[in-house]
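Working notes, structure below.
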C-alpha cells in the first residue's frame, strides 16, 4: 500500500502552525473580549492567561509528537494512551462535528471579508458569502490533493502576509498613532468592575483565537526528522503567535480606547483606518481575507490526515486510507473533509460553527494531554527525544483549563452543550457495532 512521504521541513512546519492558528480570531474577537473585560490591563491579562495555557499545551504536545510521530496526531495519542474506543470517538467527533465546523467557520470569515474587500456588505448578501466559503473549501481541497508542498506553499505565503501585516499594524500604531490621538493612557487600568463569569467567557473567545497550535500533529507522517522538528515547530510557532497577539492587542488599545474598542467588530480595520484612513481599512480587509484563506489551506492539509490514519488503522472504512498514486496525498480523506465542510457552511452560522467546534474539541485536548501521564507509566521505555518542561505541573495546567472551558459551557448553555456531547457519544455504539473487532496495523 502507498504511504505518505515526509516532505515538510522545520520552517514549513512552523509556517503551518502559525498559518493554521492565525485566522480571523485576532481580527474579530477583541471587541467581544473588551465588552466582557472593560479594563485594559485585565483585557491584556486574558490574552496572557490564554497564551500561558496554550504554551503549556504546546509543550505537552511536543513530547507526544516526538514520541509518536505518526499521521493522525491526537488520534494516535488517544489510541495509545486510552485505547481504541476513545480514539474512535475522537475520529467520529472529527468526522461529524469538529473538522467540518472548523473548516466551515474559517471559510465563512473568508467569504465575508472577500465581499467587504469589494465594498459589499455580507449581511445584505449572506448567500453570496456562503457560496464563496464553499468555493474556498473546494479550492483548498483540490490544491492539497495535487500536492502537500503546494498546499504548504499557499499556507506559507499567507503566513508571511498576515504575520507581516500584524507586525506592520503594531509598528504603525506605536510609531504613527500619536497623530491619530493614540495615547499610553489608554493602556492604564480603569478600575472597572469585571464579573468572574464574563472573564471566563472572554477566555473562551481568546482560546478560539489561539486554537490550531496542535494541528501540525495531524500531518506528523509527512514531517522530515519528526522527532526534532515536530516539538520545535509546535513550541516555536506557538511562542510566535502569543507574541504577535499580545503586541496586536496592545496596539489596538493604544490607538482605540477600550470604551470604543468594545463596539469595534473590525478593530484592525478601525485601528489602521484611524491612522491611514480608507486606505488602511481596505488594506486590512485584504489581509484578513488572505489570513483566513491561508488558515483554511493549512487546516485542509492537516485535518484529513485524521481520517486517513483511522482507515489505515482499520477503525474507518478502508477506501478512506487511499493514497493517490501520482501525488502521494490522501485524496479520498481530503475530499471527504471538503464535502463535510461545505455541508456545514451552507447550513450553519459562523457562531454556531465556532461554538460547536469548541464544545466538541476541548474534551479531547484534555484527554490527549492526559495520555502523557498514562504513557509515562505504561510505556516507560518509549523513545522520548523531547520531554515536556515542568512535568507534571505544565500538562496539568492545560488539562485544568480545558476542563474549565467544558464546565463553563455546561453551565452557561446546557441545552446546546448536551446536544453536542450526545452527538459525540453516539459514536460509541457505532464503534461497538462495526469496528470493535478490527485488528490494528499500528505497532505497539
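Could you identify the single residue in 371, 400, 396 that is modelled with pLDDT of 90 or more, farther than 25 Å from residue 24 by Cβ, within 24 Å of the chain's Cα centre (by Cα) and surrounded by fewer than 16 Cβ atoms within 10 Å (Cβ to Cβ)?
On the way: 371 fails: surrounded by fewer than 16 Cβ atoms within 10 Å (Cβ to Cβ); 396 fails: surrounded by fewer than 16 Cβ atoms within 10 Å (Cβ to Cβ).
Among 371, 400, 396, only 400 is modelled with pLDDT of 90 or more, farther than 25 Å from residue 24 by Cβ, within 24 Å of the chain's Cα centre (by Cα) and surrounded by fewer than 16 Cβ atoms within 10 Å (Cβ to Cβ).
Among the residues of the stretch 5-42 satisfying the criterion of being part of a loop (DSSP other than H, G, I, E, B) and at pLDDT 90 or above, which is nearest to residue 220 (Cα to Cα)?
Keep residues of the stretch 5-42 that are part of a loop (DSSP other than H, G, I, E, B), which gives 5-7, 9, 22-24, 29, 37-39.
Now restrict to residues that are at pLDDT 90 or above: 37-39.
Numbers: 37: 38, 38: 41, 39: 41 Å.
The extreme case among them is 37.
Restricting attention to the stretch 64-77, which residues are in a helix (DSSP H, G or I) and either over 19 Å from the mean Cα position of the chain (by Cα) or surrounded by fewer than 24 Cβ atoms within 10 Å (Cβ to Cβ) (or both)?
Residues of the stretch 64-77 that are in a helix (DSSP H, G or I), as a first pass: 64-67, 74-77.
66, 67, listed by residue number.
Tell me whether the stretch 135-147 contains one or more residues that are buried (at least 24 other Cβ atoms within 10 Å of the Cβ), part of a helix (DSSP H, G or I) and modelled with pLDDT under 85.
The first filter runs over the stretch 135-147 and keeps only residues buried (at least 24 other Cβ atoms within 10 Å of the Cβ), leaving 136-137, 140-141, 144.
Retained after the next criterion (residues that are part of a helix (DSSP H, G or I)): 136-137, 140-141, 144.
From the residues that got through so far, the ones that are modelled with pLDDT under 85 too are 144.
Scanning the stretch 135-147, I find at least one residue that is buried (at least 24 other Cβ atoms within 10 Å of the Cβ), part of a helix (DSSP H, G or I) and modelled with pLDDT under 85, so the answer is yes.
Among the residues of the stretch 179-224, write down those that are more than 20 Å from residue 48 (Cβ to Cβ), assigned to a helix (DSSP H, G or I) and modelled with pLDDT under 90.
Selection gives 179, 180, 215, 216, 217, 218, 219, 220, 221, 222.
Filter the stretch 420-430 for residues that are within 13 Å of residue 359 (Cβ to Cβ) and surrounded by 13 or more Cβ atoms within 10 Å (Cβ to Cβ); which is modelled with the lowest pLDDT?
Let us first name the residues in the stretch 420-430 that are within 13 Å of residue 359 (Cβ to Cβ), namely 420-425.
Of the ones still in play, those that are also surrounded by 13 or more Cβ atoms within 10 Å (Cβ to Cβ) are 420-421, 423-424.
On the way: 420: 88, 421: 91, 423: 91, 424: 92.
Going through the qualifying residues, I end up with 420.
Looking only at the stretch 323-340, count how many residues are over 15 Å from residue 140 (Cα atoms) and part of a helix (DSSP H, G or I).
0
When you check residue 265 against the structure, is it surrounded by fewer than 24 Cβ atoms within 10 Å (Cβ to Cβ), out of contact with any strand residue (DSSP E or B) (no Cβ under 8 Å at 6 or more places or on another chain), part of a loop (DSSP other than H, G, I, E, B) and at positive phi, yes or no?
Details: surrounded by fewer than 24 Cβ atoms within 10 Å (Cβ to Cβ): yes; out of contact with any strand residue (DSSP E or B) (no Cβ under 8 Å at 6 or more places or on another chain): yes; part of a loop (DSSP other than H, G, I, E, B): yes; at positive phi: no.
So residue 265 does not fit the description; no.
Show the residue pairs that are 6+ apart or on different chains and have beta-carbon atoms under 9 Å apart, the first residue being within the stretch 315-329 and at pLDDT below 75, the second being assigned to a loop (DSSP other than H, G, I, E, B) and surrounded by fewer than 16 Cβ atoms within 10 Å (Cβ to Cβ).
Note: pairs meeting the criteria are 321/1.
Taking the condition under 24 Å from residue 94 (Cα atoms) and in contact with a helix residue (DSSP H, G or I) (Cβ under 6 Å, 6 or more places away or on another chain), does residue 66 pass?
Numbers: under 24 Å from residue 94 (Cα atoms): yes; in contact with a helix residue (DSSP H, G or I) (Cβ under 6 Å, 6 or more places away or on another chain): yes.
Taking the combined requirement at face value, the residue satisfies it.
Assuming residue 116 fulfils every condition listed in (1) under 30 Å from residue 224 (Cα atoms); (2) surrounded by fewer than 23 Cβ atoms within 10 Å (Cβ to Cβ); (3) touching a helix residue (DSSP H, G or I) at 6+ places or on another chain (Cβ under 8 Å); (4) at pLDDT below 75 apart from one, which condition is it?
Of everything listed in (1) under 30 Å from residue 224 (Cα atoms); (2) surrounded by fewer than 23 Cβ atoms within 10 Å (Cβ to Cβ); (3) touching a helix residue (DSSP H, G or I) at 6+ places or on another chain (Cβ under 8 Å); (4) at pLDDT below 75, residue 116 misses just condition (1).
Kindly evaluate residue 279 against the criterion of being farther than 23 Å from residue 35 by Cβ and surrounded by fewer than 19 Cβ atoms within 10 Å (Cβ to Cβ).
Working: farther than 23 Å from residue 35 by Cβ: yes; surrounded by fewer than 19 Cβ atoms within 10 Å (Cβ to Cβ): yes.
Considered against the rule, which asks whether it is farther than 23 Å from residue 35 by Cβ and surrounded by fewer than 19 Cβ atoms within 10 Å (Cβ to Cβ), residue 279 comes out as yes.
Per-residue answers, yes or no, for (1) crowded, with 16+ Cβ neighbours inside 10 Å; (2) farther than 18 Å from residue 192 by Cβ:
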| residue | (1), (2) |
| --- | --- |
| 10 | yes, yes |
| 14 | yes, yes |
| 20 | yes, yes |
| 23 | yes, yes |
| 27 | yes, yes |
| 37 | yes, no |
| 42 | yes, no |
| 46 | yes, no |
| 52 | no, yes |
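Check residue 423 against each of (1) in contact (Cβ under 8 Å) with a residue 40 or more places away in the chain; (2) under 29 Å from residue 198 (Cα atoms); (3) under 19 Å from the mean Cα position of the chain (by Cα) and name the one condition it does not meet.
(3)
The values are calculated or read from the model by the stated rules, or taken from the named source; none is laboratory data. Computed from a predicted model, the values in this text were never measured in an experiment. Quick reminder, even Gly has a Cβ in these numbers, built from the backbone with ideal geometry, and neighbours come from all protein chains shown.
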